[in-house]
Protein chains: 2
Amino acid sequence: MTAPLPLYLDCDTGIDDTVALAYLLRSPAAELVGIGTVSGNTDAAQAARNTLDLLALAGSPHIPVAVGAHDHLTHPYGGGAPHVHGDNGIGGVILPGSSASPDTRDAADLLLDLSHTHAGSLHILTIGPVTNIAIALQRDPTLPSRISGVTAMGGAALVPGNSTPAAEANIFNDPAAADALARADWDVTFVPLDVTMNHILTDDDRELLLSSADPFARAVGEILDHYLDFYVPQFGERLSPLHDPLAAMAALGAPGIGRSLRVPVVIDTTDGPSRGSTVVDMRGQRLGPRDHEGVRTRVLFEGADTLTEHLVSTILGASTTP
Amino acid sequence: MTAPLPLYLDCDTGIDDTVALAYLLRSPAAELVGIGTVSGNTDAAQAARNTLDLLALAGSPHIPVAVGAHDHLTHPYGGGAPHVHGDNGIGGVILPGSSASPDTRDAADLLLDLSHTHAGSLHILTIGPVTNIAIALQRDPTLPSRISGVTAMGGAALVPGNSTPAAEANIFNDPAAADALARADWDVTFVPLDVTMNHILTDDDRELLLSSADPFARAVGEILDHYLDFYVPQFGERLSPLHDPLAAMAALGAPGIGRSLRVPVVIDTTDGPSRGSTVVDMRGQRLGPRDHEGVRTRVLFEGADTLTEHLVSTILGASTTP
C-alpha cells in the first residue's frame, strides 16, 4: 500500500465541500495536513467555523484550520450563495460546536509552512475560489517547487457556466487568482462542470448516510438536504452534482477517475462577457484525445458511474478500495 | 408554392461560400437580389471577382455584386486564409472571366437600397465577417425595420472555435461588427460551428458535381478539391464541413433544418482570450430545449443528415423540394 497523499485543502465550506471533506477524512489514500478557508459559498470565517465543527464531529479536531481571504484579489466578497448552501453555508444545519479555534496563521501562511514540512510531496486541493493560493504565490514564488501537484474544482470547458453563461462560480469569484494558479510552474488539474455535472448523489445515497451509526456521516446527510432541493429546477428531481467531491476523488486518483487531458487553459480576467471563463484549447480533438506536450494544465472530462458509490461507501467507512 | 425569399447575400467567396452561392442560385426558394463582399477568406475585391465569375458561369450575370469593406471596424484585414481557401479564395481554380464589373455602390449602400426595394421582405444572409452589415446599420439605423430576418454563419456555442480556442473565424474577424449585428432590432439566427461541423460533404458528393453536364456545378466540384485536403488532419479523411451552405439552407428553411433555439447571444469584443467568441446562454437546458421569451437572437444546433443530399441535389438541379 502506498503512503497516503499529504493534502492541503482550500475550501469555502459549503455543502459539497462538506461531502468532499468527509471523503478526504475517511479515505485511507489521503492525509489531510491542513485546511484553509476562503470566501465563496459562505465567508471565510463562517467556512472555518463549519470546518472546525465538522472536524470535531469526525474525530479529527487536530487538523489545523486557518481562516483565509475574506475578499478576493480584485474585488470584495459578494455575499456567497445562501440560496444554494443555506445561510450558514451548511444548509442551515446546526452542528455541535467545536471548542477548537482557527489556526493563528492565515491560510496562505499555513499553506507555505506545510509546503516546507511536506516539501516535494504536498498536494494542493482547492474547491473554492483560489484567492489563498494566489496570495501564497505572491508571498513566496518558490512555493511550486515544493508542491507535488494541484487539483482545482473549477471551470467549464465545453458546457455552460453556472455563475454566468460562460463562467463557473469558483473561477468567476476570483479570475485573477485563478490566472495566477494556472500560470504557476506546477501541474494543475482542473475538474470542471463538464465532468462534475455528470456525477450525482441522490436521495437514496443520502438515506444511506442518514442511516449510518456514525454521527458525522449522519450530519453530512442532513446537510445535503438543502442542496438537493436547489437542483430540482435544473434536473427535475432532488439530487446533487458532485462538484467538490469529484475534485477530491481526482486528487486521490480514486478508482473510476478518467485520464485528464493535458491542454492549454487560459483564464479570462477581462471585464467582458466571458470574465472568469476557462478558455480550454479543445481544437483538434475530433480524432480522439490529444495531449499538448509541455503544457502543465490538465482538464478532467471523464469519470466512471461508480464514483458516487465509491464516495458514499468511503464516507461510510465501508470502502475496501483507496 | 410560396414566393421565393428575396435575399441579400454578404460573403467573402471563399470555397464554402461558392457552395452556398451555388445552392442559392439553384434553389427555387431563393431570389438572390444582391450580393456584397467583404474581406475574410480572401479580400473583398477578390471575393467580388470570384463571385462575378461564378455568377457568369451560372448564367446569372444580372445579379449586382458590390465590393464591401476591405478592412474591419477596429482593425485592418489580416490577409485571409490562403491555406484553407487557396491563393485566390477559390482553391486556385481559374474560372472563365466574367465581363461584368462590380456595382458602383459599396456593399452597405447596395444593402440599404435593396432594403427599400424589398422593404419588409428582404432577408440578410451573411457568410463572412459582418462588417458591411455594421456599416449599413451605422449609415441608416432604420435598416432593421425593413428586414424580415438575418441569418449569419458564425460563432461557436458549446464547441471549440476555429480561429482561436474560443472564437469562430467570421466573428473573430470583426467582433465589433458582430456585436452591432447581435444588438440590432431584428431577428438574427446564428449558424455556429456546433452544427456546421456535423454536416459534411465528401469526395463522393464532389464526384457527383464533377460529373454534371452543368459547367457551373463542375466548377464548384473543382473548387472544392483544395478545401477537402485542408480538413484531412482534423477529420482523418478528405471532406468538407458545410459552414456556409448550412447557413444558406437555414435561411431558406430547407427540409431537415432543425428548430433554432431562442437564446441570448453576446459577442465578446474584449482584447482577452475570449475575443470574438459568441457567449450563448445555454444554462437551464438540461431538461430539454428552452426558449428565452423576448430574446431576438437564435442559434441553430441541429439539422438532419439529409441536408448534404438536399444541398448537392439542389446544386445539380435535381431537387424536387424547395
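Computed over the Cα atoms of the stretch B:7-316, the ratio of the radius of gyration to the Kirkwood radius (Rg/Rh) comes to 0.93. Projecting the Cα atoms of B:Gly303, B:Ala134, B:Val280 onto the dipole axis of chain B, where Lys and Arg carry +1 and Asp and Glu carry -1 at the beta carbon, places B:Val280 farthest toward the positive end. Express the C-alpha Rg of the stretch B:124-234 as a ratio against the empirical globular expectation 2.2 N^0.38 Å, rounded to two decimals. That works out to 1.29 for the stretch B:124-234. Computed over the stretch B:149-308, the P(r) tail beyond 19 angstrom holds 58 percent of alpha carbon pairs.
Rounded to the nearest 5, the antiparallel percentage of DSSP beta bridges internal to the protein assembly as shown is 30%.
A Förster radius of 35 Å combined with the Cβ-Cβ distance from A:Asp185 to B:Thr306 puts the calculated FRET efficiency at roughly 0.10.
Only the Cβ atoms of Lys and Arg (+1) and of Asp and Glu (-1) were treated as charged; on that basis the dipole of the protein assembly as shown about its Cα centre amounts to roughly 20 debye.
Calculate the length of the line joining the C-alpha centroid of the stretch B:62-87 to that of the stretch A:1-64, in whole Å. The two parts, judged by their Cα centres, are 57 Å apart. Put a plus charge on the Cβ of each Lys and Arg, a minus charge on the Cβ of each Asp and Glu, and nothing anywhere else: the dipole of chain A about its Cα centre is then about 740 debye. For chain B, modelled as a GNM whose springs connect Cα atoms under 10 angstrom apart, the maximal fluctuation among B:Asn173, B:Asn162, B:Asn50 occurs at B:Asn162.
Could you report the protein assembly as shown's accessible area per residue, 1.4 Å probe, as an integer in Å²? Value returned for the protein assembly as shown: 36 Å² of accessible area per residue. Helical content alone sets the calculated 222 nm signal of the protein assembly as shown at -10000 deg cm²/dmol, taking -39,500 (n - 2.57) per DSSP H segment of four or more residues and averaging over every residue. Taking every Cα-Cα distance in the stretch A:197-269 and sorting them into 5 Å bins from zero, the calculated P(r) comes out as 3, 14, 18, 18, 18, 14, 8, 5, 2, 0 percent. Each principal axis of the Cα atoms in the stretch A:31-135 has its own extent, and those three values, largest first, are 40, 37, 21 angstrom. Once you reduce the stretch B:243-322 and the stretch A:191-236 to the center of their Cα atoms, the two points are 37 Å from each other. Of the beta bridges in the stretch A:7-316, as assigned by DSSP with both residues counted there, near 30 percent are antiparallel. The B-A contact accounts for roughly 2100 square angstrom of buried accessible surface, both chains included, probe 1.4 angstrom.
Dipole magnitude for the stretch B:29-131: about 120 debye, using +1 per Lys or Arg Cβ and -1 per Asp or Glu Cβ, origin at the Cα centre. Distance between the modelled labels on B:Asp71 and A:Ala119, one decimal in nanometres: 5.7 nm (7 Å Cα→Cβ projection).
Residue-normalised convex hull volume from the C-alpha trace of the stretch A:51-101: 92 Å³ per residue. Look at the stretch B:264-276: the mean tally of other chain Cβ atoms within 10 Å of its residues' Cβ atoms is 5.
State which stretch of chain B is the longest one without any exposed GluC sites (Glu not before Pro), exposure meaning a DSSP loop state and at most 13 other Cβ atoms within 10 Å. Here the longest segment lacking exposed loop sites spans B:1-236. The coefficient of translational diffusion for the stretch B:84-189, derived via Stokes-Einstein from the alpha carbon Kirkwood radius under 25 °C and 0.890 mPa s, stands at 159 µm²/s. Summing +1 for each Lys or Arg and -1 for each Asp or Glu among the other residues whose beta-carbon sits under 13 angstrom from that of B:His72 gives -4. Beyond 10 Å, the tail of the calculated P(r) for the stretch B:238-277 holds 77 percent of the Cα pairs. With R₀ set to 45 Å, the beta-carbon distance separating A:Gln138 from A:Gln285 gives a calculated FRET efficiency near 0.85. Ranking B:Leu210, B:Gly14, B:Ala251 by how far each Cα lies toward the positive end of the dipole of the stretch B:7-316 (charges on Cβ) leaves B:Ala251 at the top. Other residues whose C-beta falls under 13 angstrom from the C-beta of A:Phe230 contribute a net charge of -3, scoring Lys and Arg +1 and Asp and Glu -1.
Potential lengthening of the chain between A:Ser99 and A:Asn198 amounts to 31.8 nm, from the contour at 0.36 nm per residue minus the alpha-carbon distance.
The calculated FRET efficiency for the pair B:Val295 and B:Glu31, based on their C-beta separation and a Förster distance of 41 Å, comes to about 0.90.
The shape of the protein assembly as shown can be summarised by an equivalent ellipsoid whose semi-axes, obtained from the alpha carbon gyration tensor, come to 55, 22, 22 Å from longest to shortest.
The values are calculated or read from the model by the stated rules, or taken from the named source; none is laboratory data. For clarity, every value in this text was computed on a predicted model and none was experimentally measured. Please note: Cβ atoms are built from the backbone with ideal geometry, for glycine as well, and neighbour counts cover all protein chains shown. Side chains are part of the model used for accessible areas, which takes the heavy atoms of the whole protein and leaves out ligands, DNA and RNA. Shrake-Rupley method; radii C 1.70, N 1.55, O 1.52, S 1.80 Å.
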